[in-house]
Structure formats: C-alpha cells, structure tokens
1. Could you check GLN63 against (1) in contact with a helix residue (DSSP H, G or I) (Cβ under 6 Å, 6 or more places away or on another chain); (2) buried (at least 18 other Cβ atoms within 10 Å of the Cβ) and say which number it fails?
2. For the stretch 126-151, give me the residue count where each residue is at pLDDT 90 or above, of a type outside the set (A, V, I, L, M), within 21 Å of TYR87 (Cα to Cα) and outside any loop (DSSP other than H, G, I, E, B).
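The values are calculated or read from the model by the stated rules, or taken from the named source; none is laboratory data. Computed from a prediction, not measured in an experiment: that's the story for all the values here. Heads up, the Cβs are rebuilt from the backbone with ideal geometry, glycines too, and the neighbour counts pull from every protein chain shown.
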Amino acid sequence: MLLDTSNIEFQKSLDLGSAQTGRAMVRATLFVHDKWVEIDQLSSDPAILNGGTEAGEYFARRQRDPERAARMAKARQKLGQALDATYGERVGLAGLRFKAGLSQVELAKRMNTQQPSVARWERSPETMRYESIESLANALGVDPIKVFAAIKAQRQPKTTVETHELA
C-alpha cells in the first residue's frame, strides 16, 4: 500500500528564523488494486467503517499468504541489494535484514525475541550484547564479523554531499 503525499499544503503559524511551526494538510490517496484512490472514496469500505485495522495486524494477515510472503521477501532482498550497491555497509543492520528478505517481525521470531527489540537494535546497535549479535548473525545466516562491520559502519558519522540544479 502506498500513500501519495505530493499535494501537501503548509500553513505557517510561527516563523522562528531557522524553524517554522504550522499545520500541514494532505489530500491523501492510496494505491489500491493497481490504481490511486482518494481516501474519501474509501469511506464506505467496511474496514474503515468498523474502525480500520492496526497496520501490524494488517501486514501480518497479508503475510499469511505464502505467495504474497514470497513476493515481499523478494522485494526486501531487491531493496537490500539496491541499498548495498548505493551505500555499502553504511546501511547497517537494516541493510543486512533487507538482504536476507526478512521483516523485523520475521527476524525477531528467528531470534526468539520481539519486534521492538529488532527496531531498537537497528536504530541504536550499540545497545546490543554479544549474545544478541551472535543470535542476529545466525538468524540472518551471516558471519558475526559481518554484523560487527555493519554496526561499526552504522555508528560512523555520515557525510553527505548534496547537489542542486540551479533554476
């Protein structure tokens, strides 16, 4: 499911020089069944009328279909390859997970832990103990040295160079 936010309007309420506060308004559209649909058109959808579905449950339900799960794993692997080709090891632990084709939930199950732990490690790998690193390596099917390298690369300061075209 994709959300188009290309039509965001921002109404500034306070300008502090280096920062602005205000209200952003979005006319959201979703990519549903190979076409863009405005959310207003979905208001008669029974799922929306019944209060909707929590995103985690929605994706868990979708993953139960083996064919869909295989397509999602392949998409994650392609994303992992693209990230690796673009950024190398700097993508860190999330990049290793993507290359293995796993979601955070799937990786957590393989490690016998919970998804929030995986999210925390991907965000702040310095909180990991050696046992967790070893378990992560086993779950991903990689050498623990590769996990250490990803953690080291993720912790290094990132320098970015931005280029802009002149109008």
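1. GLN63 satisfies all of (1) in contact with a helix residue (DSSP H, G or I) (Cβ under 6 Å, 6 or more places away or on another chain); (2) buried (at least 18 other Cβ atoms within 10 Å of the Cβ) except (2).
2. The number of residues fulfilling the criteria is 3.
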